[in-house]
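One structure is given below, encoded as structure tokens.
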Amino acid sequence: MKQISRQLACWRLETPIGPLVLAGDREALRFIHFHGHQDDAWVPDRAPFLDVIDQLKAYFAGRLEVFDLPLALDGTPFQVKVWRAVAEIPYGETRAYGDVARRIRRPNAVRAVGAANGQNPIPIIIPCHRVIGSNGSLTGYGGGLPIKRALLTLESRQRSLVP
């Protein structure tokens, strides 16, 4: 018997880092895609994303540091564990891949953490841009290194404005 996949809604949101496509359903956000990438099977509908849109706009305006949204994390148990650890990295701070590996009690799984981080379906909200190389270098990012740099700059600039 063929499994019927759930129809996902999507919405294109213009942001200071370029267009983002939000995808999900009424229960949870499932994906954020950079550069306006969209699956042809997704149905345009703004309604499921009103809170997501409001929170992303507040984030980009420097008024939001912690997202509070229902997320559907579809991945392996290891990936979900990595994404949850990454979600705990505070606004304006960074961690190395090794730090994340130690956080999930898999200190030798640095490369696997990097691979899982690269598969993060909900960037920005699960802040994979806050994960950097052990030497402080910016490493790969799904949206491209200029976007990673822009997000880190936004957060560090907002942090420096706090008295």
Expressed as cubic angstrom per residue, what is the convex hull volume of the alpha carbon set of region 1-94?
121
In deg cm²/dmol, rounded to the nearest 500, the helical mean residue ellipticity at 222 nm of the chain, built from -39500 (n - 2.57) for every DSSP H run of length 4 or more, is -10000 deg cm²/dmol
Within the set of other residues whose C-beta is less than 12 Å from the C-beta of Leu138, count the net charge using Lys and Arg as +1 and Asp and Glu as -1.
+3
Charge dipole magnitude, Cβ of K and R +1, D and E -1 - the chain, Cα centre, debye nearest 20:
600
Working out 0.36 nm times the residue gap between Leu145 and Ala41, then minus their Cα-Cα distance, what length gain in nm do you get to one decimal?
34.6 nm
Running a GNM on the chain with Cα contacts under 10 Å, which residue among Asp40, Asp25, Asp99 ends up with the highest mean-square fluctuation?
Asp40
Determine, from the Cβ-Cβ distance of Gln119 and Gln7 and an R0 of 25 Å, the FRET efficiency 1/(1 + (r/R0)^6), rounded to the nearest 0.05.
0.65
Bin all alpha-carbon pair distances of the chain at 5 Å intervals from 0 and give each bin's fraction as a whole percent.
2, 9, 18, 21, 20, 15, 9, 5, 1, 0, 0, 0, 0
Gaussian network model of the chain, Cα springs within a sub-10 Å range: biggest mean-square fluctuation belongs to which of Leu20, Leu64, Leu50?
Leu50
Using Cβ contacts closer than 10 Å as the measure, can you line up Thr15, Thr94, Thr76 from fewest to most?
Thr76, Thr15, Thr94
Ranked list, fewest to most other Cβ atoms within 10 Å of each Cβ, for His35, His129
His35, His129
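Apply 1/(1 + (r/R0)^6) to the Cβ-Cβ distance of Thr15 and Thr76, taking R0 = 30 Å, and write down the FRET efficiency to the nearest 0.05.
Values: r = 29 Å, r/R0 = 0.97.
The pair Thr15/Thr76 has a calculated efficiency of 0.55.
Starting with the fewest neighbours, write out Val113, Val21 ranked by other beta-carbon atoms found within 10 Å of each beta-carbon.
Values: Val113 27, Val21 19.
Least crowded to most crowded, the residues run Val21, Val113.
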Using only Cα atoms, what is the ratio of the radius of gyration of region 77-161 to 2.2 N^0.38 Å?
1.01
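Taking the Cβ of Arg103 as the center, what net charge do the other residues with Cβ under 15 Å away carry, scoring Lys and Arg +1 and Asp and Glu -1?
Values: positive: Lys81, Arg84, Arg95, Arg102, Arg105, Arg106, Arg130; negative: Glu88, Glu93, Asp99.
Combined, the nearby Lys, Arg, Asp and Glu give +4.
Every number in this text was worked out from the coordinates using simple rules, so none of it is lab data. Treat the numbers as computed from the prediction; the structure is a model and nothing was measured. Here Cβ is always computed from backbone atoms with ideal geometry, including for glycine, and neighbour counts include all displayed protein chains.
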